[in-house]
Amino acid sequence: MTELWVKNACVIDPIRGINGEIMDIAIRDGRIVESVSDRADVIDAQRCLTLPGGIDSHTHVSGTKVNFGRYMSPEDMRAGRTKRKGKMHVTSGYYVPTTFGNSYRYSAMGYTTLLEGAMAPLEARHTHEEFTATPHQDMMANTLFDGNWAVMDAVREKDIRKTAAVVAWTLKAARGYGIKLTNPGGTEAWGFGEDLTGIHEMVPHFAVTPAEIITTMIRANELLKLPHSVHLHCNNLGKPGNYQTTLETFDIVPDLNPARQTLYATHVQFHAYGGGTWKNISSKAEEITRSVNIKPQIVMDMGQIMFGRTMTMTADGPMEFNLHCLHHNKWSNHDVELETGSGIIPVTYSKKSAVNCIMWAIGLELALLTKNPYQCLLETDNPNGAPFVKYPEIIGLLMSKRYRDEECATLATGVEQRTSLFALERELDWHDIAVMTRAGQAKALGIVNQGKGHLGIGAEADIAIYPIRTDSVDPAREYRKVVEGFQKTRYTIKRGRVVSREGEIIVDGANATFWVDAKVPEDLKMENDPEFIKRFEQFYTVRMSNYPVQDVYLPRGRRIETEVFT
Amino acid sequence: MIEHDVVCPFCGCLCDDLELETEEGKIVKVQNGCALAESTFMNDVRLPAPIRRTETGWEDISYTEAIKETAEILQGADRPLLYGWSSTHVEAQSIGVHIAELIGAVIDNTSTVCHGPSILAIQEVGHPGCTLGQVKNRADVIIYWGCNPVEAHPRHMSRYTTYATGFFVPNAQLERTVIVVDTRRTDTAGIADEFVQIEHGGDYAVLSALRAIVRGKTSVIPAKIAGVSKEQLIRIVEICKTAKFGAIFFGLGLTMSRGKYKNIRNAIELTDELNRHTKFVISPLRGHGNVYGSNEVFTWMTGYPFAVDFARGIAFYNPGETTAVDILRRGECDAALIVASDPGANFPRDAAAHLAKIPTVIIDPHVNATTALSRIHIPCTAAGIDAAGTAYRMDGVPIRLKKVIDRGYMDDAEILKKIYDHLNGGKGP
């Protein structure tokens, strides 16, 4: 039995309605309890800001394309290297760090749970191998279905139950967490070098549209009672004028789940562009947030970009090729048979580029114009918009108009007229930030009842104590203190153990991997479906029996079972 | 007993549809496999126990003794080299990286004498590729450049390319055009619709000419380039540009001939260029069963796919300096641990000779040319035969190798773990 007593903590725990109370937190064997014995270890939080452990609901840290980003970038590896020290392994890399680099830096920032944004089921084993080498965060993997042949066949047949059955089989085989759609239909078209330009355009050879894929998958998702909603990277990412596609997509989303959103729209900054060319691109954040503000069924994340060099990586293969044709730098592409695509290119976001400045402004606008912070979560689509180590700066920008004004003064000319950011007075408070970095994520991912994102009795004791005194720091003026405070916790506690102290990792990690075992009626089990098996054996290059990820890859797997539907 | 869907661990194809018949713990029959697979499973003659060199020959020693001495050799070395890794599973490879980190060693894998140049090219210009199933289901043009899959990857064509029935290519043999580019008429050239014979060392020039033609600069091309006629080059570009999906596979004929990584860079840039007209991909034909796995593990743990030097405490990478051959050639290395490979047979003579001068330990199931250069040989399981673990196919698809039989050997991951524990005062990685 291990016990820990955190006293004098200034707690913000939005899910439980606690906003800045000085409290004590008792922990036994990894969970929060009513009280502990007097033999418990004691941490005096000295009235510092204490939040549930941070949760990243959309990041790219593990798996085939992340590792390929590392593989092709020795220049980045030199940018962030540290030696072996105590319990810490060697790390390399800044925007695509090694697995240990990711884990340590997230931990130093108080993050204890991560959702890998995109895992191709065929290559799931790779993601899980890297999860075990990312030891200080609980992990889960969004599973890609955007170009899944069996799904598109079922969608064409308008068969929601069959769609659900394919999803359930695949999630279990990949040990995945939820449904990810990246440029639905577009990644299949990219198999022959094409892309789609709207949600009502037919996917070549499959006679379905992105709109049909999205709506059928939403219904299948709810039929399966998955903890998370469909997680969508909309069509037309990064194209001037794409906000219309985004709004059209939001308009077809029904409100089906009282407990959470029905659609998680990711990195919406990249999908909120007006204009028709790179010359006249403008922000459409107002239109997007107007839609989200009246649609409780939608949660989005910012997809904030920050200036500097980074790596873009996505399953959206055609988008990356278009970007490559603009940047003329190195380009990798990796299409995955019967499932999805992917692409990787390095980029530098520059203040000299009006386009980049507008992108930067849009992300902030989205957060500032969304009324309910639970509907706009703080992410950079790490590392696409910026490496996650930039989150504290984003927090600073959201909390301080003065900081934004100072930054705005350094932007390229002609930006002010094409965004509303310069006129926005809103400054987010500590509670908003707590929602946008943990409570909102826990709710959106459906892991509140797994004990994540709050500090109630029975919750997992994942806690971040920041060296910030909210009673004496004015974030509007002292934003530098805010940024510094969020960069390095005093303590990061994971499942009741202090894993990181003042930025230094002090124990070996013991993370868990959450995955969903969605139950389907006996007659819908794909492993017994002769047509599914036949097509699998004909067109995949691995045997069906060798496809599912074995339990040995999840040494601390946490299976979430759903109720069978009828 | 028949085991179905067994994965052959031999080459980067990792065919996973073999049927193995076992009797009393022995493999007696291999079905669906190529000749290389059959030999891998059937001619698996192992060293029975660890051996140590004596003044006159070899003596048997216990695993405990062999492990302890190996740890002491590594502990006492100033510039140890850990090399090989490509024929074992990811589990052993990752412990290897932990050992290298712990003792400040150089760790390198067989890419260094194989597709190392391809990696360097990819680090300059990226890699437009795909999984093999994309090629199988879609490709109507296949190019084999500087490689001979008929002999080196015998089932590559039947499983993934030329003869494989695909969703969009139901009549594979009729619908696919095969182009073979090589300096000599290989067996693979025999099945080509178009064979391009290049003079030795002419690959770079031919690739450049193709790129020029793709870009519409045909007029600058002379009548012949490295022995290839302008007409043929124009014809090939036409085939490529009108393809629905083209796939280039290349081998050591391109990576290890004159121009080396610049050849690969040129081939990737040709692929890039062709993507502005149609869909094209390019991929190296990787040799060892899990060489790609070693690149993957090294990358997620250290940031670099091969040639990683921990001497400075951080991970440092500078191919040409931190590559195994160069470290040996310079006589810099004073102890070596070889795992799951045979540098004795594959390294340049002077590099291999240095291995014989220093205390070298090999952990490998089989006696090979490196045994003759070593001080200690520790036999172990063979991944995919009597040990399970992950291997990465040449296209990055991770597949679990199976343990088909038990031969009573210790897993190399376990041996390495014990070595690690010795080096770390009894504490694991």
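Any read-out appearing in this document is the output of simple, stated calculations on the displayed coordinates, not a laboratory observation. What you see is a predicted model, and the numbers here were worked out from it, not measured in a lab. Ideal geometry is used to build each Cβ from the backbone, glycine not excepted, and the neighbour counts take in all protein chains shown.
See the values below:
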read-out: Acute angle (nearest 10 degrees) that the helix B:261-274 long axis makes with the longest principal axis of chain B, alpha-carbon atoms; value: 40 degrees
read-out: Environment charge of A:Phe250, counting only residues whose C-beta is closer than 13 Å and scoring Lys/Arg +1, Asp/Glu -1; value: -1
read-out: Partner chain coverage, peptide B:393-406 - average Cβ within 10 angstrom; value: 4
read-out: Prolate/oblate/rounded label for chain B (Cα gyration tensor, a/c 1.5); value: prolate
read-out: Cβ-Cβ FRET estimate between B:Glu3 and A:Asn19, R0 fixed at 56 Å, reported to 0.05; value: 0.35
read-out: Within a Gaussian network of chain B (alpha carbon springs, distance under 10 Å), most fluctuating of B:Pro319, B:Pro222, B:Pro117; value: B:Pro222
read-out: In nm, spacing of pseudo-spin labels at B:Ala35 and A:Asp29 (7 Å Cα→C-beta vector); value: 6.3 nm
read-out: Share of Cα-Cα pairs in region B:116-284 lying beyond 23 Å, as whole percent; value: 33 percent
read-out: Efficiency of FRET between B:Glu175 and A:Glu561 - r from beta-carbon atoms, R0 35 angstrom, step 0.05; value: 0.15
read-out: Cross-link partners of A:Lys452 among lysines (Cα-Cα below 17 Å; sequence separation of 8 or more within a chain); value: A:Lys443, A:Lys494
read-out: Listed residues B:His115, B:Val237, B:Gly287: farthest to the positive end of the dipole of chain B (Cβ charges); value: B:Val237
read-out: Quarter of Cα convex hull surface for region A:1-147, i.e. mean projection, nm²; value: 11.6 nm²
read-out: Peptide A:325-336, shielding by other chains (average Cβ, 10 Å cutoff); value: 6
read-out: Bridge type composition, the protein assembly as shown - antiparallel percent by DSSP, nearest 5; value: 45 percent
read-out: Cleavage-rule hits (trypsin sites (Lys or Arg not before Pro)) in region B:232-334: DSSP loop, at most 14 neighbouring Cβ within 10 angstrom; value: B:Arg258, B:Arg276, B:Arg312, B:Arg330
read-out: Those residues of region A:28-46 whose amide nitrogen sits under 19 Å from the label point placed on A:Thr2, 7 Å along Cα→Cβ; value: A:28-45
read-out: Loop-resident sites, region B:33-78, for GluC sites (Glu not before Pro), counting at most 12 other Cβ within 10 Å (DSSP); value: B:Glu55
read-out: Estimated distance in nm for a label pair at A:Glu504 and A:Lys534, the labels positioned 7 Å out from Cα along Cα-to-Cβ; value: 6.5 nm
read-out: Over region A:53-446, volume per residue of the alpha carbon convex hull, in Å³; value: 122 Å³
read-out: Filter on A:Lys65/A:Lys87; A:Lys330/B:Lys230; A:Lys83/A:Lys488; A:Lys330/B:Lys224; B:Lys26/B:Lys136 - keep pairs with C-alpha separation over 26 Å; value: A:Lys65/A:Lys87; A:Lys330/B:Lys230; A:Lys330/B:Lys224; B:Lys26/B:Lys136
read-out: Other-chain or far-sequence residues with amide H under 5 Å of B:Asp411's (modelled H); value: B:Thr381
read-out: For the protein assembly as shown: Kirkwood Rh in Å [reciprocal of mean 1/r, alpha carbons]; value: 29.2 Å
read-out: Rounded FRET efficiency, nearest 0.05, which uses the C-beta distance separating A:Thr277 from A:Glu416 and R0 of 22 Å; value: 0.65
read-out: Number of partner chain Cβ atoms within 10 Å, mean per residue of A:64-73; value: 6
read-out: Percent antiparallel among DSSP beta bridges (both partners in region A:53-446, rounded to 5); value: 40 percent
read-out: Counted charge near B:Lys417, where neighbours are those whose Cβ lies closer than 13 Å (Asp, Glu -1; Lys, Arg +1); value: -3
read-out: Kirkwood Rh, angstrom, region A:152-226 [1 / mean 1/r, Cα pairs]; value: 12.7 Å
read-out: Spin-label model distance (nm) - B:Glu194 vs B:Phe168, 7 Å beyond Cα toward Cβ; value: 1.9 nm
read-out: Extreme residue, positive dipole direction of chain B, given options B:Leu14, B:Ala66, B:Ala356 (C-beta unit charges); value: B:Leu14
read-out: Karplus-derived HN-Hα couplings along region B:3-20 (A = 6.51, B = -1.76, C = 1.60, θ = phi - 60°), whole Hz, x at Gly and Pro; value: 9, 9, 6, 7, 8, 7, x, 5, 10, x, 6, 6, 4, 10, 10, 7, 10, 10
read-out: For A:Met311, distant residues with modelled amide H under 5 Å away; value: A:Val347
